[in-house]
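Student: The following block contains the structure, expressed as structure tokens.
The numbers here are math on the coordinates, done by the rules we state, and not lab data. A quick note: this is a predicted structure, and the numbers were derived from the prediction, not measured. Methodologically, a virtual Cβ is constructed for each residue, glycine included, from the backbone with ideal geometry; neighbour enumeration extends over all protein chains shown.
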Amino acid sequence: MAHIHLEDGSFSLFWVIVWWTVAIILIGISLYLLRSGKKTDSRKITIAAFCTATAFAIFQVSIPVFGGVHLNLTPLIGILAGPLIGSLVVLIINILSAAIGHGGWGMIGANTLVNIAEMAVAYATWRFLKPFIPDLFPRAGIATIAGLLCGNIAMILIIVISGVQGVSQSTTQILTGLSLLAAVNMGVAVIEAFVTGLVVTYIGKVRPDLLWGERS
Amino acid sequence: MTALPEKKGLLIFLGLLALVIIVSVASYQMTGHMGIEERFSHAAGLDSGEEAGEEGGGWFGLSLEGSPLLYGAVLGILAIGCYAAYRHFSV
């Protein structure tokens with residue numbers, strides 16, 4: 001949901017390199033942890049593959065709410081695949097999206113960071129709330145809203161820190177505009193929270209073994 | 001009376017949703033009706049993003065984006081297809 005819809009050239013080359021570098025470092029850490037740990041469950045790889053295909057497809061569908069928004073399903077990726085594999089999933093989704101003109105190539109690093117923030121916060125919220133809210137549906141919904149809120153905050157911070165080339169507005173004006181944009185964006189978090197809650201509840205009923213940490 | 005603690009997660013979730021909807025609708029009223037790219041360009045202080053890809057495209061002259069009717073139709077077909085697959089394969 002939070003996605004920097006700016007074309008290449010909006011950020012200076014310096015900030016494009018900075019965000020790419022930070023994203024590569026995070027993905028490198030994820031790869032290192034995945035390779036150094038025990039062998040990854042093949043079911044998790046399968047889930048990650050399905051998440052990648054589904055999220056990429058849903059990225060491209062504009063929902064006619066508030067003039068047009070799109071789902072990301074990044075919180076669902078975090079809950080199902082975890083933050084380590086999930087960081088690889090969002091990188092692939094952003095590369096494929098840029099390939100068809102959804103976000104600039106230079107924005108892949110920044111957008112990957114935004115999506116990693118969404119996914120990691122949703123995963124952390126999902127795990128943290130388990131003792132307090134055992135029900136899958138509300139817990140997944142709350143985790144989704146928390147993740148998407150943090151993703152929007154990350155998006156605003158990245159744009160404000162980088163600055164947008166060729167604009168005459170002050171930082172305060174841009175911050176105000178982006179805050180309103182994020183607030184409108186959060187409208188779709190309602191839809192995304194329901195979708196995530198329903199998917200997680202369904203998986204919890206038919207294949208609870210696919211929800212890691214939920215097995216009793 | 002014991003149902004309330006059991007449903008506390010759902011109550012918190014619905015409360016959050018209500019808050020998000022209120023803030024979102026208020027922000028939408030303040031900013032007006034815009035597409036994704038246009039809204040983003042406007043927020044970032046760039047010129048209108050209408051040329052950025054919101055218009056045009058589509059399949060065989062039909063554009064899914066921005067058309068609630070087509071979106072509903074496609075969603076309905078997908079829902080029916082999923083239900084049929086669900087029944088057929090007895091998931």
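Student: Just add up the charged neighbours of A:Thr46: K/R +1, D/E -1, any other residue whose Cβ is under 15 Å from the Cβ of A:Thr46.
Tutor: Numbers: positive: A:Lys39, A:Arg43, A:Lys44, A:Arg207; negative: A:Asp41, A:Asp209.
Taking every other residue near A:Thr46 into account, the sum is +2.
Student: What longest range of chain A stays clear of loop-exposed trypsin sites (Lys or Arg not before Pro) (DSSP non-H/G/I/E/B, at most 13 other C-beta within 10 angstrom)?
Tutor: Here the longest segment lacking exposed loop sites spans A:40-214.
Student: So, with +1 on the Cβ of K and R and -1 on the Cβ of D and E, and no other charges, what is the size of the charge dipole of the range A:13-207 about its Cα centre, to the nearest 20 debye?
Tutor: 700 debye
Student: For the range A:13-207, calculate the relative contact order in percent as a whole number, restricting contacts to Cα pairs under 8 Å that are 6 or more residues apart.
Tutor: Values: 229 pairs, mean separation 44.4, N = 195.
Across the range A:13-207, relative contact order equals 23 percent.
Student: To continue, here is another question. Toward the positive end of the charge dipole of the range A:13-207, about the Cα centre and with charges on Cβ (Lys, Arg +1; Asp, Glu -1), which of A:Thr171, A:Met155, A:Ala49 goes farthest?
Tutor: Of the candidates, A:Ala49 comes out farthest on the positive side.
Student: Which ordering of B:His42, A:His102 is given by a fewest-first count of other beta-carbon atoms within 10 Å?
Tutor: B:His42, A:His102
Student: May I ask you to list the chymotrypsin sites (Phe, Trp or Tyr not before Pro) in the range A:121-216 that are in a DSSP loop and have at most 16 other Cβ atoms within 10 Å of their Cβ?
Tutor: On the way: sites: A:Tyr123, A:Trp126, A:Phe128, A:Phe132, A:Phe194, A:Tyr202, A:Trp212; in loops: A:Phe132, A:Trp212.
Hits after loop and neighbour filter: A:Phe132, A:Trp212.
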